[in-house]
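What follows is calculated from the coordinates using simple rules that are stated; it is not laboratory data. Worth saying up front: this structure is predicted, and the values here are computed from it rather than measured. Cβ coordinates were reconstructed from backbone atoms using ideal geometry, including for glycine residues, and neighbour counts include every protein chain displayed.
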Amino acid sequence: MKQNKKELSLEILRFLIVGGLATLVDYFVTWVFKNYVCQNMNVNLAVFIYTAAGFTAGLFTNWFLQRFVYRYITKDQQRSMFVFFKFVVLSLIGFGITWLGMRVTEPIHAKVLFDFWFLHDIQLWFWVFKVVLTIIVLIMNYIGRKLFVFNQKKNKETMDNKESIDEEKAKE
């Protein structure tokens with residue numbers, strides 16, 4: 001089933017809305033854990049815990065709202081552990097890209113050519129890299145979910161096979 005431009009545009013808009021909401025949940029949970037739960041911990045452990053907590057909250061928010069984005073998702077797919085597994089693996093790849101990108105660019109954050117005092121205080125370069133990586137992962141997530149997780153063609157084939165099996169059972 002091919003989408004027209006309007007349907008595709010609306011799907012992308014819904015994807016951005018759901019992704020934005022999941023990002024807000026991620027940032028909020030990260031902030032709560034960073035400022036209240038992980039205050040007296042070793043820094044490396046604290047960073048892992050509050051990052052993982054925010055990521056997990058954002059992941060589940062995203063999962064439960066996917067039917068809003070991809071209108072053709074069936075209830076069976078929404079409940080499928082295999083589909084959920086593919087969703088999580090794709091999300092973990094995005095998490096890995098973000099984490100690796102932040103680790104690689106970390107030395108640049110502190111040694112930028114135009115590091116004015118007011119830019120340093122708001123960690124401008126950290127957020128610039130974070131936003132760029134978020135955009136890269138956003139594009140990867142949309143394409144990956146559309147092609148591998150919630151693939152319309154595969155869904156139609158699965159439903160056709162299921163209907164054929166149901167028809168054969170009815171004949172017996």
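Between Asn4 and Phe64, what FRET efficiency follows from the Cβ-Cβ distance if R0 is 25 Å, with the result rounded to 0.05? Provide the component values of the computation, followed by the final result.
Working: r = 27 Å, r/R0 = 1.10.
Computed FRET efficiency for Asn4 and Phe64 comes out at 0.35.
Each residue of the range 134-144 in order: what ³J(HN,Hα) in whole Hz does its phi give by Karplus 6.51 cos²θ - 1.76 cosθ + 1.60, θ = phi - 60°, with x for Gly and Pro?
Taking θ as phi minus 60°, the curve returns 4, 5, 4, 5, 4, 5, 4, 5, 4, 5, x Hz for the range 134-144.
Sorting Ser80, Ser9, Ser91 on the 10 Å Cβ count, fewest up front, what's the list?
Numbers: Ser80 15, Ser9 11, Ser91 22.
Exposure proxy ranking, most exposed first: Ser9, Ser80, Ser91.
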